[in-house]
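Please treat every number below as a calculation from the coordinates, not as lab data. Since the structure is predicted, the reported quantities are computational estimates derived from the model, not experimental observations. In this analysis, Cβ positions are derived from the backbone assuming ideal geometry, glycine residues included, and neighbour counts consider all displayed protein chains.
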Amino acid sequence: MTVALWQSIPFACILLPLFGAAVCLALPRRLARLWATFLMAAVTCMSLVFLVYMIPFGKSYNYPMGHFPAPFGNELRAGTLEAVLGLLFAGLTLICTLGGSRDAEHDISEGRQGLYHVLLLLMEAAMMAQVYTNDLFTAYVFVEIMTIAGCGLIAVRSEPGRAIVSAMRYMIMNSIGSAMFLLGIILIYDLTGHLLMENLHDSVVQLQAGGQYSQPLTMVVALLCSGLAVKSALFPFHSWVPDAYSTATPASASLLASLVSKSYIIVMLKVVFRILGTDVINAARMDDVFFVFGAAGMLIGSAVAITVPDVRRLVAWSSVAQIGYIFLGLGLHAGDAAVWHILTHAAAKSILFLSLPSLIPAGSDGSLRDLRGAGYRAPLAGVAFTTGALSLIGIPLMGGFITKLTLAQAALGAGGAHMWISLAALVLSTVLNVGYMLRCVLVFYSHPEEDAVPAAAPVRRGFALASVLVVLIAANIALLVFAQPILTAIRSGFAMFD
Amino acid sequence: MQILMILLLAAVLICALCVAFTKNLLAAAVVFMTQSLALSVVWLLLESPDLGITEAAVGAGVDSLLLFATLKRIRAIDSDARENRKREEEQDGTRS
Amino acid sequence: MARVRDDMGDTRWGRLQRWLREGDDSLDRAMIAVWDESAEPEPEPVFTVPPARPEQKKKNQKHTAKLEKLLRVFSVIAAVLLCVGIIGILLHTTALLPSFGREDNPVHNEVPRRYIEKGMNEDTGAVNIVAGMILDYRAFDTLGESNVLFVAVCTVMILLRLQAGDPDERLGSDTRDRLIEPHSDPILQVIARVLIPLILIFGAYVILNGHISPGGGFSGGAIMGAALILHMLAFGEKQTARFFSYRTYRAVSVCALGFYALAKAYSFFTGANHLPSIITIGTPGRIFSAGLIPYLNIAVGLVVCCTMYALFSLFRKGEL
Amino acid sequence: MGLTNYAELAAIILFGIGFTILLIDRNLIKKNIGFAMTDSGMYLYLAAKGYISGRKAPIVVNGVTEMSAYINPIPAGLVLTGIVVSVATSAVMLALTVRLYRKYHTLNIDEIADKARKERE
C-alpha cells in the first residue's frame, strides 16, 4: 500500500508541536508566544487540508510509526471522524490561546509565560495523539502528558492559593483515574497479548465467543471505562471542576473545559467502539452505568448551576452537566449524538469562557450582581456570550438543539425505562439550562441602577479577542447551518471507526 | 531462590503496611525507599535486569530524594514562619 | 419603577424576577451550602462547629474530641474494608486469568516471538531486546515518555521557581533559610570527590551500553543525575551552579529533545512511506550499532540526567 | 527453578494498600507515597505477566535467538516507560504540596480545603 503525502498529516500534527515545545523553551517570552501561535496555526491548517482530503477518500487507513507492520510497532489510524475531531481540537486550541492571550499576559508572571506556551504546545501534541493513536499504551502515555500539562495550566496563574488547591484536587482525582485506566490496560493485555486496537478487538471477540474469561472481561470494561470517566470529570468525580475552571486564566479554563475533558472521552469512544465493541459493553452493563451517571450529572450539574451567584462557577457547573449529556449519548448507544455534543459544547463553552473576562468589571469577584448592564459595556462579548448560551440551551435551530433532538431520537429508539428516564432528564435539564443561562443573559442586558457606582472602564483586550469572538460566533452558527453534512460525516466516520 | 523471592515480597508488603500506619512522614519516606530497593531485587529475580536498574536509580533513588527534599523544605518553611512570627512579636513588644 | 418593585418585592413573582435580573442570592445561599461542595469526599462537620457560648464550650470540646475519635476509628475501619474489598475483587479476577509463568499464555504470542527472533539480526540490531523494543519497535511511546518528564519539569518550574513580583515571593524566603544551606562537611567532601567521577563513569557506561546490556538512557541518566545531586549536597549550590544553571538545562534539554523528535520523525516517516532509510543496524554487539538506538539513549540519558538534577534543585532551593 | 504465583499476589496486595492510602489518608505526602505504591504494585503485576519459568532475561547470549530461550520482553518495556511516568507525576504532586504548605502551613487536605473556602468568602 502506498501512502499519499496528505496521509502523513496526522503524524505531522503530533510531531510538530512536540518538537516545537522543546524549541519553545529556548525562546524569549515574546518569540515563544509567536512561535506557539504559528505552530498552532500550522497544525490547524494541516488539519483542515486533511479533512478536505479525507472526506472524498472515504475510508480509514493505518499509518505505521516506524518500519514495522501492524502488531509489532506503534500505529496511527485516521478516518473521517478523527479528521473532524482533529480539526476541532487544533482549531479550538489556536482560538483559545489567541483569545486568552491578553488575559494570560496579565494573569501570568513574566518568567512563566514561556513555560506556559511550552505547556500549551505539549497539550496540543497530546490531544492530537489521543485523536489519532491506534495503540492503547500510547494513549496512556499521552493521557499522562495531558494530565500533567493540565495541572500546570491550572496552576500557572500568579495568584497562589485557590488555583493551587484546585490543581491539587485535579491531580489527586486524575491519578486515581490513571491508576484505574492503567490497571485496565494491564488486565486486557494479559488476556489478549496485544496493545494495538484492531488486534485487541479481534481477541476480545474471540474471548467473548469462548465465554471463558467473562468475569475478567467485565473487570476490564469497568476499569477502563471508569478510569476514563473519572478523568473526564463525570458527575460524581467532578469535585475539582468548579474551582479549577473558575480560578484558571481564561485561556486555560476554556481549553480544559472544552477540549481536555473531551479528549478523554475520545479515548473512551475508542475503547467502547473500537476495542471492546458494543456487545462486550452491553454484556458488562456498562452502558447502563453511563446512562445513570450521565443523567444524574445532567440534572445535578444544572441544578447547582442555577443556584451559584458567581458567573464563572456557574459556567463551570454547566460543564459538569454537559459532560452528562455526552455520557447519556454513550449510554443510549448514540455515538453520533455524543460526538455532535462534543463539537457543540466545545464551541459554546469556549465562547462563554473567553467572553466572560470582558463582561466582568475590574475588581469584581464575578458575582452576577456586579454584571448588570455588562452587555452594554462590552457589546461584542455580550453577543458572544448570548450566542453560546443559546446554543447550550438548545433553542431550536442552534447546536444544542440538534444534540437534544438526536438524543431524544435515540431514547425513543431505546424504548422502555430508558426512554422515559432520558426524556424526563432531557426536559428537566433543558428547563434548568434555560433558567441559569437566560438568567445570565437577562442580567447582562438589564439596565444598571442609577445610584450604582459607575463601573471602571473595561480593560481593552484588543483586536485578537474581538476577532476570536467573531470567529467563534461564526463557528457556532456554522455548526447549525452545516449540521446535516457534519452529522453525515460523523456517522460515516463511525461506520469506519471500528 | 523461591525463598528469597518470598522474603523480598513479604518485606515489600510489610513496608507498605508500615507506611500506611505510621504518622511520622520521614519514617514513611525511608520505609518507602526500602520498599523500592526490595522491589528492584524482585525485578532481578523476575529476569528483568533493566527494570532492576531503573527502579534502583529512579524509584529508590530520585523519587525518595524528592520526598526528602520536600520534607526538608516543609521544615524550612515552618522554621521560617516561626522566625517571622518571633520577629513580629518582638516588633510589637518594642512598639508597646 | 423602583416603587413598583418595592411593592412586588415580597411576592413570589417579585423574588423570582429579582433573582433573574439582579443575581439576588438570598435564594441561593441555603442551596450553596448543600450543593456547592457536595462532592467533598468526607465533609467533616467536626471542624465547623459554630462558636458557642462559654458554658457550652467545654461540653462542645469534649463532644468534638469524642466525635473526632469516632471519626478516626471509622476511617480506619473504612480504609481496611476498602483495601480488603479491592484486594478481594482483584484476586478473584486474577484467579481466573491465565496462570503465572506458563509459556502458552496469550501474552506470549507472535509479537514477542518476532522481537526475540528477528530483533537483533534483522530489525533493530540491539542485543538487549528490551532496548530494541522501547527505542525502535515502540519508539513512539518512549518519545511520549521523555516528554512526560519534560512537561513535569516545566510544571514544577512553574510551581516552585521563584519569580520576581510573585505575590508570595516573601513567603519563599524559606529557600534562603540556613536549614537549606549545606554544611561543608570535610568527610562528605572527600568521599564525594572520589565517588562522583566513578558514578558519572558508571552512568555513562550504563547509557552507552544500553543496547548491549541491561540499562539505557533512563537508568543511566538517573545515575548521572544522582552524581550531580551529590555534588550539590557536598560542595554547595554555588559550586554546582558554576557548571550547571538554568541555561545549561535549557540548552541540553532543547538539543536532546529536539534531536530525539527529529530523528524519530525521520524514521517514522520513512517507515510509513516505505522509503529506504539511511540508518543501518550495523554489527550487533558493537557500541555503535543498532541504528539510532545508542544516539537516542544518549539523548534520553542527557534529558533524564538534567531533569533529575533540575527537579531536586527546584525542590531544594526553588531555583535552577 | 520456578517461581509460583507469589509475585502477582503481592502485587495486588500492594496495589490495594496503595490505593487505599491514596483514597483515605488526608496527608498529602502520604497520598503521594500511596500513589507511588499503587503504581509499583501495577508494574510488579505487569512484569510478573512476562515471566516464564526457567527462562532468561531477554538479552541475546551467544547469538541464540529462539523464543524458548528468553522471557517476554514486552512487559519489561512497558514497565520501564511506566516507572518514569509515575516519577514525573509524583514530582508534580510534591511540588503542589510544597506550594500548598507554603500558603496554608498544613499538609492535611481537609484543613487546606477549609482554609481555601474561608479565603473565598
**Request:** Provide the gained length on full extension for the span C:Phe74 to C:Lys238, in nm with one decimal, where the gain is 0.36 nm per separating residue minus the Cα-Cα distance.
**Result:** 54.0 nm
**Paramagnetic reach from C:Ser99 in segment D:31-61 [backbone N under 20 Å; point 7 Å along Cα→Cβ]** = D:45-55
**Complete:** For B:Lys72, the lysines lying under 29 Å Cα to Cα, once residues fewer than eight places off in the same chain are dropped, come out as B:Lys23, B:Lys86, C:Lys238, C:Lys317, D:Lys30, D:Lys31, D:Lys103, D:Lys115, D:Lys118
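Place a +1 charge on the Cβ of each Lys and Arg in the protein assembly as shown and a -1 charge on the Cβ of each Asp and Glu, then give the dipole magnitude about the Cα centre in debye, rounded to the nearest 20. Write down the numbers at each step before the final one.
Numbers: 81 positive and 77 negative charges, 327 e Å.
The calculated dipole for the protein assembly as shown is roughly 1560 debye.
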**Prompt:** Which listed residue (A:Gln484, A:Val470, A:Val311) has the Cα farthest towards the positive end of the charge dipole for chain A, taking +1 on Lys and Arg C-beta and -1 on Asp and Glu C-beta about the Cα centre?
**Reply:** A:Val470
**Positive dipole terminus of chain A, leading residue within A:Val141, A:Pro357, A:Cys151 (C-beta point charges)** = A:Pro357
**Reachable lysines, given that their alpha-carbon falls under 24 Å from the alpha-carbon of C:Lys118 and they are not under 8 places away in the same chain** = C:Lys264, D:Lys49, D:Lys56
**Whichever lysines have a C-alpha closer than 22 Å to that of A:Lys349, once near sequence neighbours (fewer than 8 apart) are set aside** = A:Lys231, A:Lys262, A:Lys404
**Item:** Longest to shortest principal axis, alpha-carbon extents of chain B, angstrom
**Value:** 74, 26, 11
**Prompt:** Got a sec to turn the phi values of segment A:101-106 into Karplus ³J(HN,Hα) couplings, 6.51 cos²θ - 1.76 cosθ + 1.60 with θ = phi - 60°, whole Hz, x for Gly and Pro?
**Reply:** 5, 5, 5, 4, 4, 7
**Request:** Sticking with the crude label model, points 7 Å out along Cα→Cβ, report the distance from A:Val292 to B:Arg85 in nm, one decimal please.
**Result:** 4.9 nm
**Request:** Report, by chain and number, residues whose modeled amide H sits under 5 Å from the one on D:Lys56, excluding near sequence neighbours (fewer than 5 apart, same chain).
**Result:** D:Tyr70, D:Ile71
**Fill in**
segment D:84-121 and segment A:126-162 have their Cα centres apart by a whole-number Å value of 19 Å
**Complete:** Residue-ordered couplings for segment C:305-317, obtained by feeding phi - 60° into the Karplus form 6.51 cos²θ - 1.76 cosθ + 1.60 and rounding to whole Hz (Gly and Pro as x), are 4, 5, 4, 5, 5, 4, 4, 4, 5, 5, 5, 6, 10
**Complete:** Across C:308-319, the residue-averaged tally of Cβ atoms belonging to other chains within 10 Å stands at 5
**Message:** Could you work out the pair-distance distribution P(r) of segment D:48-121 from its alpha-carbon pairs, with 5 angstrom bin width and percents rounded to whole numbers?
**Reply:** 3, 13, 14, 11, 9, 7, 7, 7, 7, 7, 6, 5, 2, 1, 0
**Fill in**
Farthest towards the positive end of the dipole of segment D:6-120, among D:Met93, D:Tyr70, D:Ile83 and with Cβ unit charges of +1 on Lys and Arg and -1 on Asp and Glu, lies the Cα of D:Met93
**Request:** May I ask you to evaluate 6.51 cos²θ - 1.76 cosθ + 1.60, the Karplus curve with θ = phi - 60°, for each residue of segment A:20-36 and list the ³J(HN,Hα) values in order in whole Hz, giving x for glycine and proline?
**Result:** x, 5, 5, 5, 4, 4, 7, 8, x, 3, 5, 5, 4, 5, 4, 4, 5
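Quantify how strongly other chains surround peptide C:217-228 by giving the mean number of their Cβ atoms within 10 Å of each of its Cβ atoms.
Mean shielding count: 5.
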**Request:** Starting from segment A:63-149, pick out the trypsin sites (Lys or Arg not before Pro) whose DSSP state is loop and whose Cβ has at most 15 other Cβ atoms within 10 Å.
**Result:** none
